[in-house]
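One structure is given below, encoded as structure tokens.
A short reminder: the numbers here are calculations on the coordinates, not readings from a lab. From a predicted model like this one, the values you see are computed outputs, not experimental measurements. All Cβ positions, even for glycine, are placed from backbone atoms using ideal geometry, and neighbour counts span all protein chains on display.
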Amino acid sequence: MKQNIIDIAYLVSGIMFIYGLKRLQSPATARKGNQLAAVGMLVAVVATLFFKELLTPVQMLIGVVIGAGIGAYLAKKVEMTGMPELVAAFNGFGGIASVLVAGAEIARFMAHNAADTGGNEFTAITAITISLSILIGMITFTGSFVAFGKLSERISGNPISFFGMRVITVVLMLASIAATIWMAIENNALTEINADPVLNGAIVIAIAGALLGILLVIPIGGADMPVVVALLNSYSGLAAAATGFVLNNNALIISGALVGASGLILTNIMCVAMNRSLLNVLIGGFGGDGGDAASGGGVSTAGMTVNSTSADDVAILLSYANKVIFVPGYGMAVAQAQHTVRELAEELIKKGVEVKYAIHPVAGRMPGHMNVLLAEANVPYDQLFEMDEINAEFETTDVAVVIGANDVVNPAARHDKASPIYGMPILNVDKAATSIVLKRSMRPGYAGIDNELFYNSNNQMLFGDAKASIAAVTNEVKQL
Amino acid sequence: MLESLIVFILASIIGAEVISKVPATLHTPLMSGSNAISGITLVGALIVAGMVGDAWAMWLGFVAVIVATINVVGGFLVTDRILQMFKKKD
């Protein structure tokens, strides 16, 4: 009877997760959706706490209170620019939780007097599910914390690779498979299994998983981190699902599958946005923080000149335009210019100018990051447009203002087969009547390549700190 | 086992259908929110830590309870913080 109540509670929470995620399809209902999912989680946890016969309810509550305190503190403290590393860290916590649960399950198999909480037989399938739970969980854990280190600049964002790295990866994978087989051979009734192969196998898999997680993320450059964060998000879901298989628990399997699917979809969107295959991203070595990356594209820009402009000229151009599109990149967030940009946009709207923001999928450091940074600066979400929605509009746009973006507006991606970014979908800023690029200097972007846009005859460069430049333009606009 | 696999596959399909319609604007809260959902491992942690009656299982599970709760509570709260910033033009 009790088990039936629990199963129904898990069903209810699964339904709430699905409808919660469904409400994320629109910004108007998204907040309610997240709250619905949170209630779904509460239902699952409360049902487990009160209807399962817990031997140590006090300890469990203490654990929940400690975790909730730390989680709430982290969620409150984080800056919106720091969201990618927070999500990476949370992914990592989810991963290690799966490893620990699988470890506790092994302890149950080894304890002869343990309570009867699951299967009584250690079968080949048990061995495989435990192995997967440990392996995926551990890869998620170490991978996420390396990603956390890179994103928060605690370790270098440059791709790191060394001779024989791929061989080591293959050896570690083979070792995990061998250890799983070693565990699987030992199938027997619980009280009669030989604990050694199970425990030692699990330790081998945990170590291999930890190293694989590190090797997965270190060769990946700063520019590709959005893909990795999305991929690790998917892994954290798969780890939870694997744990669900170990415990034969549908709540974990359903939720894990939802998150696994979500992460994979986001990973794919990010790869498409960069015109790279997932394999190509994972092999890595592309796009570090430093300016030492790939050499220029096929078109030589040597000897070509750029037009430089001033804040008052830009102000006049913008004030008398019919339509202006802002193209923000992560450089804008680094310069903390988003509030100033919103102020300028408001001034222009007052003058009757139509203002839109064009957001490239990889504009921030995680999927949708730029939208969050602009939302934080009080930019209404109905002014934000995705690449596919807005690209056709540049031809009818008077001025496109590029702030801290580079590779995502480089026309070379459309026609220059020799360019490393050839084929990557870009924002067609060059199709606007005039484009203005705010930039600190002529230093190339993440991909380390020169940008043709800068040399176009209808492009003007406004050099200087983005925040100061925009503030100066806003002042001029106010006076017009 | 087969039953679990069926549930897993069906849930994956539902997840893919629902999530592929989430607009790019909401991809960050989608990630942080789905991340919180993956903290469902908390339920598993409570079961192994609270019910087995073995010291090793209890302590491993106890640590799992803490980290999974960080994941759950932190994930939902930060998602709420993000989503409350998304406003329409007034």
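Taking only the Cα atoms of the protein assembly as shown, the radius of gyration and Dmax are 25.5, 87 Å.
Relative intensity of the range B:23-74 on a log10 scale, I(q)/I(0) at q = 0.15, 0.17, 0.21, 0.27 Å⁻¹, equals -0.45, -0.53, -0.67, -0.89, per a Debye sum over C-alpha point scatterers of equal strength in the absence of solvent. Loop-located trypsin sites (Lys or Arg not before Pro) in the range B:6-90 (DSSP state not H, G, I, E or B) with no more than 10 neighbouring Cβ atoms inside 10 Å: B:LYS88, B:LYS89. Counting Cβ atoms of other protein chains within 10 Å of each Cβ in A:31-43 and taking the mean gives 5. In the protein assembly as shown, the DSSP-assigned H stretches of four residues or longer account for a calculated mean residue ellipticity at 222 nm of -20500 deg cm²/dmol, using -39500 (n - 2.57) per stretch and the full residue count as denominator. Here, the range A:34-158 has an Rg and a Dmax of 17.7, 51 Å when only alpha carbons are counted. Its residue count N fixes a reference of 2.2 N^0.38 Å for the range A:1-100, and the Cα radius of gyration divided by that reference is 1.25.
Under 13 Å of direct C-alpha separation, and excluding same-chain neighbours fewer than eight residues apart, B:LYS89 reaches these aspartates and glutamates: A:GLU346, A:ASP382. Would you please give the FRET efficiency between A:PHE163 and A:LEU480, computed as 1/(1 + (r/R0)^6) with r the Cβ-Cβ distance and R0 = 60 Å, to the nearest 0.05? Between A:PHE163 and A:LEU480 the formula returns 0.45. Given +1 at the Cβ of Lys and Arg, -1 at the Cβ of Asp and Glu and no other charges, the dipole of the protein assembly as shown around its Cα centre is 660 debye to the nearest 20. Axis of helix A:250-274 versus longest Cα principal axis of chain A: the two differ by about 30°, to the nearest ten degrees.
With a threshold of 19 Å on the Cα-Cα distance, the over-threshold entries among A:LYS351/A:LYS439; A:LYS350/A:LYS478; A:LYS439/A:LYS467; A:LYS2/A:LYS32; A:LYS32/B:LYS21 are A:LYS351/A:LYS439; A:LYS2/A:LYS32. Tell me the angle of helix A:195-217 to the major Cα principal axis of chain A, expressed in degrees between 0 and 90 and rounded to the nearest ten. Helix A:195-217 and the main axis of chain A meet at about 0 degrees. Loop sites by DSSP among the GluC sites (Glu not before Pro) of chain A, restricted to those with at most 14 other Cβ atoms within 10 angstrom, leave A:154-480 as the longest stretch without any of them. Pop the C-beta distance of A:GLN3 and A:ILE349 into the FRET formula with R0 = 56 Å and round what comes out to the nearest 0.05. The formula returns an efficiency of 0.40 here. So for the range A:141-278, considering every pair of alpha-carbon atoms, how many percent are separated by more than 26 Å? Cα-Cα pairs of the range A:141-278 separated by over 26 Å account for 35 percent. When we measure straight from the Cα of A:LYS77, which aspartates and glutamates land under 20 angstrom away, once same-chain ones fewer than 8 places off are left out? Filter leaves A:GLU85, A:GLU153, A:GLU376, B:ASP80. Taking the C-alpha atoms only, the angle from helix A:27-51 to the longest principal axis of chain A is near 10 degrees. Legend: mean number of C-beta atoms from other chains within 10 angstrom of residue C-beta atoms, peptide A:81-93, equals 5.
Once each of the chymotrypsin sites (Phe, Trp or Tyr not before Pro) sitting in a DSSP loop with at most 16 other beta-carbon atoms within 10 Å is removed, chain A keeps A:1-161 as its longest stretch.
Note on A:LYS32 and A:ILE185: the model spin-label points, each 7 Å out from Cα along the C-beta direction, lie 5.9 nm apart. Which of these, B:LEU42, B:LEU60, B:LEU30, has the largest mean-square fluctuation under a Gaussian network model of chain B (Cα springs below 10 Å)? Maximum among the listed residues: B:LEU60.
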